[in-house]
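> Please find one structure pasted underneath; my questions will follow.
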Amino acid sequence: MRESIEFRTFREVRTRTLALAESSPLEIVDIVPQGFNNSIRWNLGHILVAWDHGIFPKLGEEWRVPKSYHHTFPKGTRPSGWTTEPPAYSEILEKLRSQVDDIIVASTGKLDDPIAKPFLRIKRLRGMFHFHNREEQHHLDCMLRIKQAIEMANV
């Protein structure tokens, strides 16, 4: 029963993330408004990479997202530092959609298991879900503010 709460929260947050992403016109997803460091595309790629990096290796598994994503969207990067083209927006969205089931399938029955390598003070997979659900919500809030800033600048 408890597993379903973490998984349901993950699905709900991801549904909101995808709703914002799908409602954002392609011409604004790479804009970095004044006062921000990143774009909507960067935030979506970062969410994808953070979950991939934060779950699969903790289960003793390999990343599922291409290595190039892990070089383009890790913490501390920004679009102004990109030296290669980022992945297509549609590709990022498709990977975000499919990632939910991939992670839930890999994690089912394992939420209370110790993780392969502790992260911060987190020692169990359940804690990684709590962390990443909050982190994704944070990036969703950032994207909402980015979108609002772009809309205000275009008024």
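> Using +1 on the beta carbon of Lys and Arg, -1 on that of Asp and Glu, and nothing else charged, what's the dipole of the chain about the Cα centre, debye to 20? Let's see the in-between values first.
On the way: 22 positive and 20 negative charges, 126 e Å.
It works out to roughly 600 debye.
> Follow-up question, since we're still on this one. Using helices alone, I'd like the mean residue ellipticity at 222 nm for the chain: each DSSP H run of four-plus residues gives -39500 (n - 2.57), total over residue count, nearest 500.
-20000 deg cm²/dmol
> Straight-line reach from Lys67: which aspartates and glutamates fall under 12 Å, measuring Cα to Cα and dropping same-chain residues less than 8 apart?
Asp52
> Could you check the spin-label model distance between Phe131 and Lys75? Points 7 Å from the Cα along Cα→Cβ, value in nm.
0.8 nm
> Let me ask you something else. Would you mind giving the average projected area, over all directions, of the Cα convex hull of the chain in nm² with one decimal?
Working: hull surface 36.6 nm².
Orientation-averaged projected area of the Cα hull: 9.2 nm².
> For Glu12 and Thr108, calculate 0.36 nm times their separation in residues minus their Cα-Cα distance, and state this gained length in nm to one decimal. Present the calculation step by step, with values, prior to reporting the outcome.
Values: separation 96, 0.36 × 96 = 34.56 nm, distance 1.73 nm.
Full extension from Glu12 to Thr108 adds 32.8 nm.
> Give me a comma-separated list of calculated 3J(HN,Hα) values for region 4-19, in order, Karplus coefficients 6.51, -1.76, 1.60 applied at θ = phi - 60°, integers in Hz, x for any Gly or Pro.
Calculated HN-Hα couplings, in order: 4, 5, 5, 5, 5, 4, 4, 4, 5, 5, 5, 4, 5, 4, 5, 4 Hz.
> Cβ neighbours within 10 Å, averaged per peptide: list 22-34, 69-81, 48-60 in order, most packed at the top. Working shown, then result.
On the way: 22-34: 13.1, 69-81: 14.8, 48-60: 19.6.
The peptides rank, most packed first, as 48-60, 69-81, 22-34.
Read the figures in this text as sums done on the coordinates, not as results from a lab. Remember, it's a predicted structure, so these values are computed and weren't measured experimentally. Heads up, the Cβs are rebuilt from the backbone with ideal geometry, glycines too, and the neighbour counts pull from every protein chain shown.
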